[in-house]
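**Student:** Take a look at the following structure, please.
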């Protein structure tokens, strides 16, 4: 209240003097300098050698702790696709050795603490959040979830049935169909292209979850991050007691995952849905983080399809009103080859016109250098918005852990902006020619072919997808 | 994927309804009202050298007349198109063309309105004329200049959204660039030009196809909400029905703009690495001389009491869903917080009653959500949404949901359930202080809807007073058959699934 009154007084005092002051023109404004350096985190090793990144921030009485685990659905046996996903959900959902699932739910929710676990394609995450005063107990539960899960049989069966129901619903949204079918087409023959089916989900037993957990969730296969309102020596002590005291059993043996097979055959895939708007997805395999063209690709992405004034957005949405959502993106692979995908949705009778526009725009960026203005805008945007990757302590520690987890160069973040700044129009053209190959695009269209402006077969031989 | 989407806010996608207060928020918010009625709320946070700035206008789709449905949202899109000095190479040369475009569009709308009696040849000619004029006008347009200015200066999350109750324009910037925000946003209020109107109207039609027409779940949602209201405009979809969007014109958008976009109908929140004294001076310099306008009038129409259960179904190419609503009070009204408590007991977390009963024990559903919708400024609905698990039907799920509501009428809730909600509120109060954007959202939203952001700081005390008897009373009064609306999504070809 005191501050409010103070502010009102200031307001009154200022009245008049600033009234006629000059306003700046946004096209030519100048700003005071702002230097930004990445906040420093501390890396410590727990007793058993597990690395932990710490970043204290006492603004709020909350602590966040995460474990980043080297695991994921790439390790699913083909006949048990869905194993990682179920293990991830049941790590937390299935209770701990000490607590039935229901007891764990009740104790956490009564404290307003959270522990959640999910396994993605090439990593697993377990995260706890808690009010500072509940940290000791929540951290114990977090560590129990990690290392002593119960995998309750009944909860596992519920989770499996939920996954089966999600399968039944996987064709309800045409956009989801398009995304999934393109991923399957790009990564055919690789674990990244495997999608669970009823048969693979039915083939998974509780003992498979336990074995998957034993294999991957071990102190020598994960990184801990801690951020928020903690005391340094106390948290190190607590982490050593909970996580640091766990000894790995046997040697770590991660299965070898083959590289993604190259897959350059173009394809036209069609899935029928009676809708008034077609879903269009197209693309091919892309690059990994170690590609020397990484920075050129980041800039290219902004210009081609990653911003609100990108070429795809400008032509298809802004100029022609043919779509609400349109864009493209290089998903840079961290452990495996990434992808390039372009996407939009347009009214059925503009489907082929929009496909032509998209491929034409993508071809265009390979044929001649981008303009100086496009390059300047893209670079300035990426460089000047860089600091938004560091607005919360939780995201900062996690980012540090991910650099180590995926084996980035230690100076990756520190030099990111200067490397973006160094990208030239020639670099971009070279990268576009090397990494965009429109003649190999796999195209997925979900919609009502009767209403299209031209038959899809005018692009290539159409393979009809059967949705089930 | 980094992409800018103009969001149409629909209640379904909002997290459940419990508002959040903040320990210490009382001391941290600095408030300033300018002579023209503009309200500024600020919080200093120095976690990172960034700042979030949100401008919320107290006008949303609920304020539209029946021939304007969809205009609040379309206007939100149009206000990205620039001003008399931004977004144009030469406004003086552009202006007469914009006028010809609108005159042609008006003739086209009038002719089309004749329906089967319309002169189709004339329509064709007018369409061609409109297309030609729009093409001519393109030579003057600097495309999406606001975006480019923000982007090159490191802007992040530049966006806007329209809800039933309000319209918000938001951006985060490096802390040294706040003046850019003030310059652009004050110009957007002072000199907007709704150029490229008819191509943007097509974009909104695509948005509608994408978000509703091709999504059976969303189609059920808008049908359900529409069936809940006979008179009150809460029933109409924010984006408008497709035939509504087809009738919208630049003239209508400009009228709406002039009627409502005044500084006294706006609330600004600036949160982050700021010096509040300097921000007050900055906002005064850029926004202080905007003339005040007429306050947004209250929507006077009140929905009559419902006299019997309403049921609607949507047949779609998708698996079944069920949604049940009950009319209830507006945010901040007497007893309204009781519904928040009921929503938490029923639907928040793995220990909630519906999750336990329908998902874990009976396994009738895979998901259950409880929230209020479609807005909060006027009396709204208490909504239960569930995803049935095959082979269980929407009818079975509906019965199970209603059975849990009946239990609330007969058995008092436990003290432990109430205490768990209070513990959760304490945590949320802290958590919500953790992002600039989240705080800016809460401050503008509660200031606009309840009249003061302090709603947030007095909320927990209200909840502490809630008794099991209060909850029983409200459950008995509101969770009745005659006050109920039930919507089901039925898979095409499976016949009627509703009882």
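Just so it is clear, none of the values below were taken in a lab; they were calculated from the coordinates. Since the structure is predicted, the reported quantities are computational estimates derived from the model, not experimental observations. Reconstructed Cβ throughout: ideal geometry from the backbone, glycine too, with neighbour counts over all protein chains shown.
**Student:** Please report, to one decimal in angstroms, the Kirkwood hydrodynamic radius of region B:167-317 built from all distinct Cα-Cα pairs.
**Tutor:** About 19.1 Å, per the Kirkwood formula over Cα pairs.
**Student:** Also: Starting from 0.36 nm per residue, how many nanometres of slack lie between residue A:412 and residue A:254 once their C-alpha separation is accounted for?
**Tutor:** Extra length available between residue A:412 and residue A:254 comes to 54.3 nm.
**Student:** Now for a separate question. Could you check what % of the DSSP bridge pairs in chain B are antiparallel, to the nearest 5?
**Tutor:** 75 percent
**Student:** Quick one: of the DSSP bridges fully inside chain A, what percent are antiparallel, nearest 5? Please list the in-between numbers first.
**Tutor:** On the way: 46 of 62 bridges.
That works out to approximately 75 percent antiparallel.
**Student:** Kindly state, to the nearest 0.05, the FRET efficiency for residue B:301 paired with residue B:26, given R0 = 45 Å and r defined as their beta-carbon distance.
**Tutor:** 0.80
**Student:** What average count of beta carbons from other chains do you get within 10 Å of the Cβ of residues in B:311-320?
**Tutor:** Across the residues of B:311-320, the mean count of other-chain Cβ atoms within 10 Å is 2.
**Student:** A follow-up question, please. Taking only C-alpha pairs under 8 Å that are 6+ residues apart, what is the relative contact order of region A:204-321 in percent?
**Tutor:** Rounded, it is 16 percent for region A:204-321.
**Student:** Helix B:91-112: angle to the longest alpha-carbon principal axis of chain B, degrees 0 to 90, nearest 10?
**Tutor:** It is inclined by approximately 60 degrees.
**Student:** Which part of region B:381-415 falls in the paramagnetic zone of residue A:161, meaning amide N under 15 Å from the point 7 Å along Cα-to-beta-carbon?
**Tutor:** Inside the label zone: B:387-394, B:396-397, B:400.
**Student:** Would you mind pulling out the separation of the Cα centroids of region A:391-468 and region B:171-219, in Å?
**Tutor:** Their Cα centres are 25 Å away from one another.
**Student:** Rounded to the nearest 0.05, what FRET efficiency do residue A:45 and residue A:231 have when you use their Cβ-Cβ distance and R0 = 25 Å?
**Tutor:** 0.85
**Student:** If I take every Cα pair under 8 Å that is 6 or more residues apart in region B:35-154, average their sequence separation and divide by the length, what percent do I get for the relative contact order? The partial results should precede the final answer.
**Tutor:** Working: 68 pairs, mean separation 33.9, N = 120.
Normalised by residue count, the contact order of region B:35-154 is 28 percent.
**Student:** Then there is this: Rounded to a whole number of µm²/s, how large is the Stokes-Einstein D of region B:116-160 at 10 °C and 1.306 mPa s, given Rh as the Kirkwood radius over C-alpha pairs?
**Tutor:** 116 µm²/s
**Student:** Take the alpha carbon atoms of region B:294-382, find their radius of gyration, then divide it by 2.2 N^0.38 Å using N residues; give the quotient.
**Tutor:** 1.34
**Student:** Hey, got the average number of other protein chain Cβ atoms within 10 angstrom for residues in A:380-389?
**Tutor:** Details: counts 5, 10, 2, 2, 10, 13, 3, 7, 9, 2.
The mean count of partner-chain Cβ atoms within 10 Å per residue comes to 6.
**Student:** Which shape class applies to region A:304-344: rounded if a/c is under 1.5, otherwise prolate when a/b exceeds b/c and oblate if not, where a ≥ b ≥ c are the square roots of the Cα gyration tensor eigenvalues?
**Tutor:** Prolate.
**Student:** If you take each beta carbon of peptide B:274-283 and count the beta carbons of other chains within 10 angstrom, what is the mean?
**Tutor:** 3
**Student:** Would you mind checking the tilt of helix B:216-228 against the longest principal axis of the Cα atoms of chain B, expressed as 0 to 90 degrees and rounded to 10?
**Tutor:** The angle comes out near 80 degrees.
**Student:** Over the Cα atoms of region A:177-220, what is the Rg over Rh ratio if Rh follows Kirkwood?
**Tutor:** 1.12
**Student:** Same structure, new question: Show me the ranking of peptides B:426-438, B:166-178 by mean Cβ neighbours inside 10 Å, starting with the highest.
**Tutor:** Working: B:426-438: 19.6, B:166-178: 24.0.
Output ranking for B:426-438, B:166-178: B:166-178, B:426-438.
**Student:** Is the C-alpha gyration tensor of chain A telling us rounded, prolate or oblate? Criteria: a/c under 1.5 is rounded; beyond that, a/b larger than b/c is prolate, otherwise oblate.
**Tutor:** It is oblate, given that a/c is not under 1.5 and a/b is not larger than b/c.
**Student:** Then there's this: I'd like the distance between the alpha-carbon centres of region A:226-279 and region B:92-126, rounded to an integer number of Å.
**Tutor:** 56 Å
**Student:** From the Cα gyration tensor of chain B, with a ≥ b ≥ c the square roots of its eigenvalues, which class applies: rounded if a/c is under 1.5, or else prolate if a/b is larger than b/c, or else oblate? If you can, show how the numbers build up before the last one.
**Tutor:** On the way: a/c = 2.15, a/b = 1.26, b/c = 1.70.
Since a/c reaches 1.5 but b/c is at least a/b, the shape of chain B is classed as oblate.
**Student:** Counting each DSSP H run of 4 or more residues in chain A as -39500 (n - 2.57), what helix-only mean residue ellipticity at 222 nm follows after dividing by all residues, to the nearest 500 deg cm²/dmol?
**Tutor:** -11500 deg cm²/dmol
**Student:** Got the relative contact order for region B:316-424 handy, in percent, Cα pairs under 8 Å and 6 or more residues apart? Could the numbers behind the result be given before it?
**Tutor:** Working: 149 pairs, mean separation 33.6, N = 109.
Normalised by residue count, the contact order of region B:316-424 is 31 percent.
**Student:** Quick one: helix B:415-431 against the long Cα principal axis of chain B, what's the angle to the nearest 10°, folded into 0 to 90?
**Tutor:** 20 degrees
**Student:** Could you let me know the centre-to-centre spacing of region A:334-351 and region B:330-404, using Cα atoms, in angstrom?
**Tutor:** That distance is 36 Å.
**Student:** Going by average Cβ neighbours within 10 Å, how do the peptides A:343-349, A:99-105 rank, with the highest at the top?
**Tutor:** Taking the mean over residues of other Cβ atoms within 10 Å, the ranking is A:343-349, A:99-105.
**Student:** How much of the DSSP bridge set in the protein assembly as shown is antiparallel, in percent, rounded to the nearest 5?
**Tutor:** 75 percent
**Student:** Between residue B:452 and residue A:188, what FRET efficiency follows from the Cβ-Cβ distance if R0 is 56 Å, with the result rounded to 0.05? Working shown, then result.
**Tutor:** On the way: r = 58 Å, r/R0 = 1.04.
According to the calculation, E is roughly 0.45.
**Student:** For region B:88-245, list log₁₀ I(q)/I(0) at each q in 0.20 Å⁻¹, using the Debye formula over Cα point scatterers of equal strength and ignoring solvent, two decimals each.
**Tutor:** So the normalised log intensities work out to -1.27.
**Student:** Next question, about the same structure. Order B:249-262, A:74-87 from most to least packed using the mean count of other Cβ atoms within 10 Å.
**Tutor:** The peptides rank, most packed first, as A:74-87, B:249-262.
**Student:** Compute and list, largest first, the equivalent-ellipsoid semi-axes of region A:202-296 from the alpha carbon gyration tensor, each √(5λ) rounded to a whole angstrom.
**Tutor:** Each semi-axis is √(5λ); the values are 42, 22, 19 Å.
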